[in-house]
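J.: What follows is a structure written as structure tokens; I'll ask about it next.
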Amino acid sequence: MGASVAHNSTGATRVVGIGASAGGLVALEEFLGQIPRNSGLAYVVVQHLDPTQKALLPELLQRATAMPVREAEQGTRVEPDRVYVIPPNTELSVLDGALKLARPAEPRGQRLPVNVLFSSLASEQGERAIAVLLSGMGSDGTLGLQAIKAVGGLTVVQEPESAQFDSMPKSAIAAGCADIVAPPAELPARIQAYVARVRDPDTPGREDEAAAAAGTTPLQQVVRLLRQRTGHDFSLYKPSTLHRRVERRMVIHGLPSLALYAEFLERNVQEVDLLFKELLIGVTSFFRDPAVWEYLAETALPELLTRRTTEPSLRAWVVGCSTGEEAYSLAMIFSEVVERLPQPHEFTLQIFASDLSPDAIATARRGIYPLSISAQVSPDRLTRFFSAHEGHYQINPGIRGMVLFAQHDVVLDPPFTKIDLIACRNLLIYFGTQLQRKLLPLLHYSLRPGGLLLLGGAETVGQFHSLFAPIESKLRLYLRQDQIPVAGANFLLNSFPPLSSTSKENRVSPPNAQTPLADNLQTAADQVLLQVYAPAAVVLNGDGDIVYISGHTGKYLEPAAGKASWNIFAMAREGLRGPLVGALKQAAARHEPLHLHHVEVATPAGVQLVDVTVQAFHEPAALRGMMMIVFRDRALAPTGGRRRKAKGAGAVRQEAEIQQYREEVEALREEARASREELQSANEKLQSTNEELQSTNEELMTSKEEMQSMNEELQTINAELQTKLDDLARAQSDMQNVLNSIEIAILFLDQNLNVRRYTARVETIIKVRERDIGRPLSDLNTSLRYPDLLDDARQTLRTLAFSEKQILADDGRWFSVRIMPYRRLDNVIDGVVITLVDITETKKLEAALRQQSDP
């Protein structure tokens with residue numbers, strides 16, 4: 001596979017982050033050993049190391065791969081087909097295509113370097129990020145994998161059964177952030193298959209949706225299964241987006257065709273849920289595109305506040321908020337803007353942040369973010385708007401209170417209304433042209449006059465220039481236009497709901513529907529009577545939501561502030577909500593209507609007496625399970641003599657009853673106050689005990705983490721030393737074979753002239769055995785006629801001068817005995833070496849030559 005698969009159109013290298021801890025050396029060697037030479041990917045390795053020791057990891061890993069392995073250095077550009085290893089006592093991350101080294105902020109034992117690397121890859125490469133988690137103790141790497149999965153990257157985890165220490169792999173799998181789980185040797189092939197199959201998100205795709213959708217029956221089947229399971233329709237999303245996300249799931253499961261994947265979805269409901277989450281993955285960060293936020297802070301928001309002096313309560317809507325970074329960024333910017341106002345003010349901002357993903361909304365509500373956000377948020381804002389904790393930052397309550405998060409489908413659900421600022425960034429790019437044309441008028445409807453619309457850098461308002469005027473085209477900031485052309489007066493009717501293919505409510509025929517009796521005088525008269533003289537009424541479904549309205553109901557119902565809702569309890573005016581609760585419950589169990597008389601309802605014109613009739617429908621079938629509420633106004637009672645007489649007749653009785661009730665209420669208050677004080681005292685004691693236990697628990701957890709970290713470091717050092725021992729054993733074996741193969745007797749003595757080592761040939765000359773290692777030379781018997789051997793050895797050790805003599809043995813053999821110092825690699829004399837070369841044949845030849853030369 002060529003390296004081109006790992007590059008996007010800008011030439012950036014795709015990086016594979018690898019995290020390991022205890023037992024990781026073996027897994028790393030297995031993983032790197034299966035990577036082809038030209039994979040086109042760069043590999044960054046983070047291993048838990050002892051911060052006080054020099055690491056041997058690069059040279060150990062170099063033996064397992066043909067790719068160059070080097071220790072990471074500050075600012076090194078990441079290149080393909082290279083392996084970069086973290087140095088000791090550092091945190092390693094990737095920023096702007098280069099390696100970044102930093103001193104760990106946490107004390108030893110609490111550091112999470114794998115999370116740091118993975119989080120940086122999530123921010124740097126987005127959907128292109130690939131992370132591999134191998135053997136190790138603890139849970140380092142899990143948060144980083146979650147960050148990569150949140151942006152659509154690939155997360156790969158070693159199979160726990162194949163790991164020496166399975167805590168880290170099991171933690172990642174339990175958190176649901178492992179796309180591929182396999183033994184280390186199988187992971188490179190799975191990664192290469194993924195890179196080859198799934199198109200790079202930065203590579204331009206086909207934008208002709210009609211052509212892309214043609215013949216995509218399996219894709220349509222996938223969309224249908226998603227709609228049946230989740231209730232959300234993706235049929236109008238861009239086919240290129242759908243294909244890329246679906247292909248990613250296909251590669252993970254090893255399915256070669258879309259048709260097979262559609263069949264797999266039919267049988268696997270859990271996979272439908274996983275694909276749904278995959279399609280909802282959004283890329284976000286704090287203060288993304290700084291120029292946009294700078295303009296909002298310096299110009300757009302101050303001008304908006306100037307226009308809203310009579311309405312100090314502002315409302316904003318962040319559409320597709322993902323995990324909340326953009327909503328919180330807006331809250332921080334607004335706080336900074338109002339702090340700069342010269343005079344006292346009453347400006348407030350309520351931010352509605354919505355997203356389709358329940359997981360993203362849950363994350364946003366927690367307001368907890370990794371330490372890596374320090375690269376996006378300035379130190380001043382981190383201090384003002386966040387509280388620092390061990391391993392993360394948390395949004396302060398003041399900013400958190402400004403944002404209301406809600407799961408909301410902008411395509412199907414009613415929009416938020418009366419909004420001053422809508423941020424809909426990088427959402428339209430995932431929608432097809434048809435869906436964009438229906439969504440933009442809806443956003444116009446949601447905005448107040450003079451409201452602002454903020455889009456993403458690759459988005460525009462398209463043909464709707466009559467609805468939005470550009471304020472800063474480059475920043476994609478638009479102003480709502482209040483004058484809509486007559487030709488577009490019905491734009492909202494054509495835009496809401498955007499998807500007509502799904503209907504959640506029973507349709508009620510409109511009053512002007514054509515029927516065969518349309519011209520009949522009686523029918524026409526009945527319609528006029530219903531429209532003009534019939535009382536106001538509403539029809540409710542089983543959930544209390546209004547599905548049909550007859551007549552003018554504005555006196556009794558009004559839209560509630562916040563998220564749009566058609567629920568009767570949310571819309572009922574003051575005084576009407578309480579009676580309706582009981583009436584609906586009672587009417588549901590009755591066949592006859594339930595009547596409420598003289599209900600006092602607060603209307604804009606004052607208090608209005610209303611008679612309310614509640615009727616549960618059992619017939620016909622189309623209305624079964626629904627209820628109708630009818631409102632009839634009543635005239636206020638006269639204030640004349642009859643009313644005074646009625647009041648006089650029961651005044652004494654009522655006063656007595658009221659006094660009795662007051663006494664009972666006072667007694668209950670006293671009891672409640674005493675109980676509350678007792679509970680408060682008990683709660684304070686429990687809280688004090690809980691704080692002590694929590695403090696003790698934190699100390700124990702800290703000690704446990706420090707011990708665990710040190711244990712991991714010792715495991716790593718042990719693995720490195722074991723590898724070195726294996727190397728030394730092999731070297732010793734090689735040297736022994738070399739010495740035995742040259743057939744020269746060599747005797748090694750230490751500084752005390754004790755036997756250190758010898759070759760097999762020595763045994764035929766000097767009486768020495770394996771058990772004699774460490775014995776003095778003077779204790780050994782020899783066949784050499786060399787009584788000065790010990791003295792010559794001492795002389796050589798003292799003077800460092802070589803000694804060489806020819807010595808006769810008892811068996812008649814001659815030996816050249818050479819004594820020289822034993823010099824170590826560090827140039828230290830550590831004993832002597834005695835070599836004994838058999839020169840018997842040389843002596844015989846010398847004697848023969850001497851005899852021939854004598855006359």
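J.: HN-Hα J couplings of segment 421-436 from phi, Karplus 6.51/-1.76/1.60, θ = phi - 60°, integer Hz, Gly and Pro as x?
T.: Values, residue by residue: 8, 10, 10, 10, 9, 6, 10, 5, 5, 8, 9, x, 4, 4, 5, 4 Hz.
J.: Quick one: if the Förster radius is 51 Å, what FRET efficiency do GLN463 and THR383 give, using the C-beta to C-beta distance and rounding to 0.05?
T.: 0.65
J.: Going by amide H atoms built from the backbone, whose H comes under 5 Å of the H on LEU447, apart from near neighbours?
T.: Those lying under 5 Å, H to H, from LEU447 are ILE419.
J.: Return the sequence-ordered ³J(HN,Hα) values of segment 757-767 in whole Hz as given by the Karplus equation 6.51 cos²θ - 1.76 cosθ + 1.60 applied to θ = phi - 60°, using x for Gly and Pro.
T.: Result, ordered by residue: 7, 7, 8, 4, 5, 5, 4, 7, 10, 10, 6 Hz.
J.: What does the highest-first list of 322-329, 845-852 look like by mean Cβ count within 10 Å?
T.: Highest mean packing first, the order is 322-329, 845-852.
J.: Provide the FRET efficiency to the nearest 0.05 for the ARG224-LEU255 pair, computing r from the beta carbons and using R0 = 25 Å. Please list the in-between numbers first.
T.: On the way: r = 18 Å, r/R0 = 0.73.
After rounding, the FRET efficiency stands at 0.85.
J.: Please arrange LYS418, LYS724 by accessible surface area, largest first, computed with a 1.4 Å probe and ligands excluded. Could the numbers behind the result be given before it?
T.: Details: LYS418 135, LYS724 70 Å².
Listed by decreasing accessible area, they come as LYS418, LYS724.
J.: Please list, ordered by chain and number, the residues whose modelled amide H lies under 5 Å from the amide H of TYR548; skip anything fewer than 5 residues away on the same chain.
T.: VAL539
J.: Now, a different point. Determine the order of HIS465, HIS598, HIS253 by accessible area, beginning with the largest, at a probe radius of 1.4 Å. Don't jump to the answer; show the numbers that get you there.
T.: Values: HIS465 125, HIS598 100, HIS253 75 Å².
Putting HIS465, HIS598, HIS253 in descending order of accessible area: HIS465, HIS598, HIS253.
J.: Put a dot 7 Å past each Cα toward the Cβ at ARG798 and ASP289; how far apart are the dots in nm?
T.: Output for this residue pair reads 9.0 nm.
J.: Using 0.36 nm per residue of separation minus the Cα-Cα distance, give me the extension gain between SER853 and ALA196 in nm, one decimal.
T.: 227.9 nm
J.: While we're on this one: Highest first, please rank the peptides 453-462, 375-384, 168-177 by the mean number of other Cβ atoms sitting within 10 Å of their residues.
T.: 168-177, 453-462, 375-384
J.: Roughly speaking, to the nearest percent, how much of segment 45-159's 1.4 Å accessible area is carbon and sulfur? Mind dumping the intermediate values first?
T.: Numbers: 1990 of 3990 Å².
Heavy-atom surface of segment 45-159 belonging to carbon and sulfur, 1.4 Å probe: 50 percent.
J.: Follow-up. In nm, give the distance between the simple-model label positions of GLN434 and GLN62, each being 7 Å from the Cα along the Cα-to-Cβ direction.
T.: 6.1 nm
J.: Here's something else I'd like to know. Applying the Karplus parametrisation 6.51 cos²θ - 1.76 cosθ + 1.60 with θ = phi - 60° to the phi angles of segment 578-593, what ³J(HN,Hα) value in whole Hz is obtained for each residue in order, glycine and proline being reported as x?
T.: For segment 578-593, the Karplus-derived couplings read x, x, 5, 4, x, 5, 5, 5, 5, 5, 5, 9, 10, 9, 9, x Hz, x marking Gly and Pro.
J.: Ranked highest first by average number of other Cβ atoms within 10 Å, how do 130-143, 575-588 line up?
T.: Per-residue mean Cβ counts within 10 Å order the peptides as 130-143, 575-588.
J.: Here's something else I'd like to know. Measuring with a 1.4 Å probe in the full set of protein chains, what accessible area per residue, in whole Å², belongs to segment 725-818? Please report the intermediate quantities before stating the final value.
T.: Numbers: 5750 Å² over 94 residues.
It amounts to 61 Å² per residue over segment 725-818.
J.: Right, something else. Distance in nm between label sites at LEU714 and LEU808, each 7 Å beyond Cα in the beta-carbon direction?
T.: 6.4 nm
J.: Follow-up. Amide H to amide H, which residues 5 or more places from VAL318 or on other chains are under 5 Å from it, using H placed in the peptide plane?
T.: Amide H neighbours of VAL318: PHE352, ALA353, SER354, ALA423.
The values are calculated or read from the model by the stated rules, or taken from the named source; none is laboratory data. Everything quoted here is computed from the prediction, not taken from an experiment. Glycine gets a Cβ as well: all are built from the backbone with ideal geometry, and neighbour counts include every protein chain shown. These area figures cover heavy atoms from the full protein model, side chains too; ligands, DNA and RNA do not enter into them. Shrake-Rupley method; radii C 1.70, N 1.55, O 1.52, S 1.80 Å.
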